[in-house]
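First comes the structure, then the notes that go with it.
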Amino acid sequence: MKQYRVGVVGATGMVGQRFVSLLENHPWFHLAAVAASPRSAGKTYEEAVGSRWAMPTPMPEQAKKLVVLNAADVEAVAAQVDFVFCAVDMKKEEIKALEETYAKAECPVVSNNSAHRFTPDVPMVVPEINADHIAIIESQRRRLGTKRGFVAVKSNCSLQSYVPALHPLMEDFGVSKCLVCTYQAISGAGKTFETWPEMVDNCIPYIGGEEEKSEKEPLKLWGHIENDQIVPATSPAITAQCLRIPVSDGHMAAVFVSFDKKPTKEQILEKWASFSGEAQRLQLPSAPKQFLHYFEEDNRPQTKLDRNLENGMAVSIGRLREDTQYDYKFVCLSHNTLRGAAGGGVLLAELLAAKGYLD
Ligand SMILES: NC(=O)c1ccc[n+]([C@@H]2O[C@H](COP(=O)([O-])OP(=O)(O)OC[C@H]3O[C@@H](n4cnc5c(N)ncnc54)[C@H](OP(=O)(O)O)[C@@H]3O)[C@@H](O)[C@H]2O)c1
C-alpha cells in the first residue's frame, strides 16, 4: 500500500493527541506535520502540549520534536502533507472556512468537527454503514473547483454505539422509532478529572447541541446520494436525552426500539453477530474484526471493562430484552475518543485511501 504524509490540525487538543498516538506505527500514514493555534505555533509539540498530554501511552518520540505550525498558515501545512485530520475548538463558521481553505489548497481534510456535517455534498461516514457516500466527493470537488481537495467528516461520538446496533436491523425489520438516553464521558468535552474536578461524583443533565445531533445525524448516515447531494432519510423517528457522567472515556446508551415487523430476540442477535461492513471487507488496518459484540452477562457491557474492545473500535451491546412500551430495549457502549473521534477519523481516511481518494 502507498505511504501517505499526514498532518494533524488541532494536534495539541484531546482528539488531536489521539490522532498523534494512533498514527505512531500506522502501516500507511506517517505523521509529517502538527498544527494548532497561534498560542502553540513555533513551539515543539512536546513544549506546546506540556502537562496537557492525556493519553494512556507516552507521547510518540517522533512527534515530540515536530515544530507546531499555525493552523491558519494553510499553504505551509499543505506543502508538507498529503492530507490532514482536523479537530479544532473554534467557532463553527471559522472551522467551515478553515477546512474549505485546506480543501481548496488541494489538501483533503478528514474532519472530527461538526461544522460541515450538514453541508449537503460533504460525506459524513461510518465506514461500516455508509461507505458508498464517499462518491459525493466528485460533486464537492466540482463545487470547490479542486482536483484533489475535499472535506469528509465523521459523525458525532454520541451516536457511534446505537446507530451501528440499529443498522443491521433496518432492512429486514424496518426500525420505526427509537428512544435513546446517552451517558457520556468527560473526554467528550476535551476534559479530564484534573481539568474538570466538578465532574467528580456528579452528573450534568445537559450537553449543548448533543441531543439535536443524536437525533438528526443518523438520518444523514442512512440517506442517499441524489443530484450532487446527500438526501437524509426521513425515518426512523429518534428522540434523545444526553447526560454527562463521571467517567473518563466511553459513551454508554440505553436504547428503546420499535419495528415495522417485530423480529424475535434470536433474529436480532443473529443480525448483530453476522454483521460486517466495507471496513471489514477491505480489511482496513483500524477496522475491528467483529464490529458488534453481544454480551450475555446481565452486568455487561461496562464502561471500564469493555470500552477498549478491539482497540476501542468495536461496539459492545448487552441486556437485549422485550419492553412494555417499545418492542425491545438494550444498552450499548463505544469509546468516544477512539471509535467516536480519532479512531473513526483514521478508519475513514483508510477507506478514502483504499478507494483512491487520497492519491
Ligand atoms: N473530545 C471528543 O471526544 C470529541 C469527539 C468528537 C468530536 N470532537 C470535536 O473535535 C474538535 C476538537 O475537540 P477536542 O476535544 O480535541 O478539543 P480541545 O482539547 O479543546 O482541543 C482544541 C484544539 O483546537 C486548537 N485551537 C483552538 N483555537 C484555535 C485556533 N484559533 N486556530 C487553530 N487551532 C485552534 C487548540 O490548539 P491550542 O492548544 O494551540 O490552543 C487545540 O489543538 C471539536 O470540534 C469537538 O467538537 C471531540
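The values are calculated or read from the model by the stated rules, or taken from the named source; none is laboratory data. These figures come from a predicted structure and were not determined experimentally. Every residue, glycine among them, receives a Cβ derived from its backbone with ideal geometry; neighbour counts consider all protein chains shown.
Numbers for the structure displayed
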{"quantity": "Qualifying residue in region 97-116 (condition: within 10 Å of the ligand (Cβ to nearest atom), at pLDDT 95 or above and closer than 18 Å to residue 30 by Cβ)", "calculated": "no"}
{"quantity": "Residue in region 121-129 that is modelled with pLDDT under 95, of a type in the set (A, V, I, L, M) and either within 16 Å of the ligand (Cβ to nearest atom) or in contact with a Ser or Thr (Cβ under 8 Å, 6 or more places away or on another chain) (or both) present", "calculated": "no"}
{"quantity": "Set 79, 32, 36: member being more than 14 Å from the ligand (Cβ to nearest atom), without any contact (Cβ under 8 Å) to a residue 60 or more places away in the chain, out of contact with any Leu (no Cβ under 6 Å at 6 or more places or on another chain) and under 26 Å from residue 125 (Cβ atoms)", "calculated": "32"}
{"quantity": "All positions within region 1-29 that are within 9 Å of the ligand (Cβ to nearest atom) and touching a Lys or Arg at 6+ places or on another chain (Cβ under 9 Å)", "calculated": "12, 13, 14, 17"}
{"quantity": "Check on residue 129, among the hydrophobic types (A, V, I, L, M, F, W, C), outside any loop (DSSP other than H, G, I, E, B) and over 18 Å from the mean Cα position of the chain (by Cα)", "calculated": "no"}
{"quantity": "Unique match (being within 20 Å of residue 253 (Cβ to Cβ) and assigned to a loop (DSSP other than H, G, I, E, B)) among 298, 359", "calculated": "298"}
{"quantity": "Sole residue being within 13 Å of the chain's Cα centre (by Cα), basic (Lys, Arg), surrounded by fewer than 24 Cβ atoms within 10 Å (Cβ to Cβ) and not assigned by TED's automatic domain parsing to the domain that holds residue 220, chosen from 148, 143, 117", "calculated": "117"}
{"quantity": "Condition met for residue 225 (part of a strand (DSSP E or B) and either more than 30 Å from residue 138 (Cα to Cα) or away from the ligand (no atom under 16 Å from the Cβ) (or both))", "calculated": "yes"}
{"quantity": "Residue selected from region 51-76 under the condition modelled with pLDDT under 95 and near the ligand (Cβ under 10 Å from one of its atoms), by the criterion nearest to residue 17 (Cα to Cα)", "calculated": "54"}
{"quantity": "Where a residue in region 313-331 is not assigned by TED's automatic domain parsing to the domain that holds residue 176 and its partner, wherever it lies, is at pLDDT 95 or above and not in a loop (DSSP other than H, G, I, E, B), with Cβ under 9 Å and at least six apart", "calculated": "none"}
{"quantity": "Residue satisfying condition, being free of Cβ contacts under 8 Å to residues at least 40 places away in the same chain and farther than 27 Å from residue 211 by Cα, within set 58, 27", "calculated": "58"}
{"quantity": "Region 163-219 - residue that is surrounded by fewer than 22 Cβ atoms within 10 Å (Cβ to Cβ) and of a type in the set (Ser, Thr, Tyr) and, of those, farthest from the ligand (Cβ to nearest atom)", "calculated": "176"}
{"quantity": "Subset of region 330-348 [among the hydrophobic types (A, V, I, L, M, F, W, C) and in a helix (DSSP H, G or I)]", "calculated": "338, 341, 342, 346, 347, 348"}
{"quantity": "Helices (runs of 4 or more DSSP H) fully within region 1-95 counting 3 or more residues that are hydroxyl-bearing (Ser, Thr, Tyr) and under 17 Å from the mean Cα position of the chain (by Cα)", "calculated": "none"}
{"quantity": "Among the residues listed as 88, 49, the single one being out of contact with any Pro (no Cβ under 6 Å at 6 or more places or on another chain), farther than 23 Å from residue 351 by Cβ and surrounded by 23 or more Cβ atoms within 10 Å (Cβ to Cβ)", "calculated": "49"}
{"quantity": "Test: residue in region 140-155 that is modelled with pLDDT of 95 or more, within 26 Å of residue 76 (Cα to Cα) and within 13 Å of the ligand (Cβ to nearest atom)", "calculated": "yes"}
